[in-house]
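Before any comments, here is the structure.
Please treat every number below as a calculation from the coordinates, not as lab data. This one's a predicted model, so the numbers in the text were calculated from it and none came from an experiment. No Cβ is skipped: glycine too gets one built from the backbone with ideal geometry, and neighbour counts run over all protein chains shown.
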Amino acid sequence: MALTDACLAIDAGNSKTDAAVVAADGAVLGTARGGGFQPAATGVAAAVDGLASAVARAAVAAGADSARFGPGGGSGGAGGSSSTGQAVFANVSACLANADLPREERELAAAVGAYGWGRATHVANDTFAILRAGLPDDGSVRHGVAVVCGAGINCVGRDAAGNTHRFLSLGRLSGDWGGGGGLADEAVWHAARAEDGRGEHTELARAVPGHFGLPSMYALIEALHLGELPAVRRHELAPVVFEVAAVGDPVARALVHRQADEIVSLVTVTLNRLDLLGQKTPVLLGGSVLAARHPMLQDRLTEQLAARAPKTAPLLVTAPPVLGAALLGLDRLSARPEAYARLRGHYG
């Protein structure tokens, strides 16, 4: 099967990138994994250039001519993915973290499109991959809300006519709360205040530094401040919050409950803005925090959704997000039903 009839699917998150070449019949021809995608930190050009290695390896695994992808597994720079100037694939479907604003999606689409990987290039925030992965492939349900709660938190929605609602999702700057990074920051803040006497007692004051093998919050704060402990390791603390909450610590429990309430708030606002609150609407949940299935978080989330949006049907989407990007690619190929089934079967 010619690669010019296939789609290139990309899911790029903060910590990893997955690329997959998917034929029009749903067969996965080649895959590859690369590093994280953080255009805010590296700049758009460098971030998109970082996608090229994973794309090249997936393409070569699918049977593409390695000469079309520059030396070292790259793609030869913007506009240089093909030595002939011709697109390798029918379309590129890229669902990217940090594509939080429509303006950013346009800029990233232009940067990805400049590589010439596909005859058409479509870029969307990675939350849309969760939304597409959770909806049926026959078009029987076209509306829904998706929430990603992983390193950060985001929510998007779409009605049956294709109108969408989204949040800025730029962290505290845009009013967001939670996600793994947010929970970790809250845990450190409460633990520090508990140890120095300004705050309420919490077992987090022991468990947070203990996670890193340190004897106190003072030692942890010093290590973070001086760079002896990489700041990125703070993200390891989200599971600690749930562990401490599970044994009844009131501070940790309050954080878990607030996380659930924040997710419900995102969902209900989105339903209201799209006039979906009175309709039976799937709510698709993804991201590492939700995928861990913490009982306290799940119970609170289910309870509050039932109270505030009783017609919603929450569903945890556990498939890799690249599936959603690939499904969007098949949609643009007008694929047959069996193609969708084959693709979903590959990702289990």
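If you wrap a convex hull around the C-alpha atoms of the stretch 175-265 and split its volume per residue, what is the figure in Å³? Spell out each step's value before the answer.
Values: hull volume 8.7 nm³, N = 91.
With only Cα atoms used, the stretch 175-265 gives 96 Å³ per residue.
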Kindly write out, for the stretch 39-50 in residue order, the coupling ³J(HN,Hα) from the Karplus curve 6.51 cos²θ - 1.76 cosθ + 1.60 (θ = phi - 60°), rounded to whole Hz, with x marking Gly and Pro. x, 5, 8, 9, x, 4, 4, 5, 5, 5, 4, x
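Using a Förster distance of 25 Å, how high is the FRET efficiency between Trp189 and Leu168, based on the Cβ-Cβ distance and rounded to 0.05? If you can, show how the numbers build up before the last one.
Values: r = 23 Å, r/R0 = 0.93.
My answer for the efficiency is 0.60.
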For each of Trp177, Trp189, count neighbouring Cβ atoms within 10 Å of the residue's Cβ, then give the residues from fewest to most. Trp189, Trp177
Spin-label model distance (nm) - Val247 vs Asp138, 7 Å beyond Cα toward Cβ: 5.1
Under a GNM of the chain (C-alpha, springs under 10 Å), which listed residue has the highest mean-square fluctuation: Ser140, Ser93, Ser288? Ser140
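Full-extension gain between Arg308 and Ala27, please, as 0.36 nm times their residue separation minus the C-alpha to C-alpha distance.
Result for the pair: 97.0 nm of gain on full extension.
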Identify which of Val141, Val28, Val44 has the largest mean-square fluctuation in a Gaussian network model of the chain, with springs joining Cα atoms closer than 10 Å. Val141
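I need to check one value: relative contact order of the stretch 140-318, counting alpha carbon pairs closer than 8 Å and at least 6 residues apart, in percent. Could you put the intermediate results ahead of the total?
Values: 294 pairs, mean separation 48.1, N = 179.
Answer for the stretch 140-318 is 27 percent.
Of all DSSP beta bridges located in the stretch 140-318, what percent are antiparallel, nearest 5? Let's see the in-between values first.
Values: 9 of 18 bridges.
In the stretch 140-318, approximately 50 percent of DSSP beta bridges are antiparallel ones.
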Which FRET efficiency value, to the nearest 0.05, do you get for Asp196 and Val44 by plugging their Cβ-Cβ distance into 1/(1 + (r/R0)^6) with R0 = 45 Å? 0.60
Direction-averaged shadow area of the convex hull around the Cα atoms of the chain, nm²? 18.2
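What do you get for trypsin sites (Lys or Arg not before Pro) in the stretch 108-146 restricted to DSSP loop and a cutoff of at most 13 other Cβ within 10 Å of the site's Cβ? Working shown, then result.
On the way: sites: Arg119, Arg132, Arg142; in loops: Arg142.
When the trypsin sites (Lys or Arg not before Pro) of the stretch 108-146 are filtered for loop state and at most 13 Cβ neighbours within 10 Å, Arg142 remain.
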Between Tyr347 and Ala2, with labels modelled 7 Å along Cα→Cβ, what's the label distance in nm to one decimal, could you check? 2.7
Most mobile of Leu229, Leu274, Leu96 in a GNM of the chain (Cα contacts under 10 Å): Leu229
Starting from the Cα-Cα distance between Phe212 and Val269, subtract it from 0.36 nm times their residue separation and give me the gain in nm to one decimal. 16.7 nm
Rel. contact order, % - alpha carbon contacts under 8 angstrom, at least six apart, the chain: 19
Per-residue [θ]222 nm for the chain (sum of -39500 (n - 2.57) over DSSP H runs n ≥ 4, rounded to 500): -13000 deg cm²/dmol
Along the charge dipole of the chain, which of His257, Val188, Gly329 sits closest to the positive end, that is, farthest toward it, with unit charges on the beta carbon of Lys, Arg, Asp and Glu (+1, +1, -1, -1)? Gly329
With x for Gly and Pro, the residue-by-residue ³J(HN,Hα) of the stretch 108-115, computed from phi through the Karplus equation 6.51 cos²θ - 1.76 cosθ + 1.60 at θ = phi - 60° and given in whole Hz, is 5, 4, 5, 5, 5, x, 5, 6
Stick to Cα atoms and the Kirkwood definition of Rh, then tell me Rg/Rh for the stretch 140-318. 1.04
Check Leu29: other-chain or 5+ apart residues with amide H under 5 Å from its amide H, H built from backbone geometry? Val21, Val22, Ala23
Which percent, to the nearest 5, of DSSP beta bridges fully inside the chain are antiparallel? 50
With +1 assigned to the C-beta of every Lys and Arg and -1 to the C-beta of every Asp and Glu, and no other charges, what is the dipole magnitude of the chain about the Cα centre in debye, to the nearest 20? 640
Extension gain from Lys280 to Arg233, taking 0.36 nm per residue of separation minus the Cα-Cα distance: 12.9 nm
Under the rule of at least 5 residues apart or a separate chain, name every residue whose amide H is placed under 5 Å from the amide H of Thr312. Thr281
Integer Hz, Karplus 6.51/-1.76/1.60 couplings in order for the stretch 235-251, x for Gly and Pro: 5, 5, 7, 4, x, 5, 4, 5, 5, 5, 5, 5, 9, x, 5, x, 5
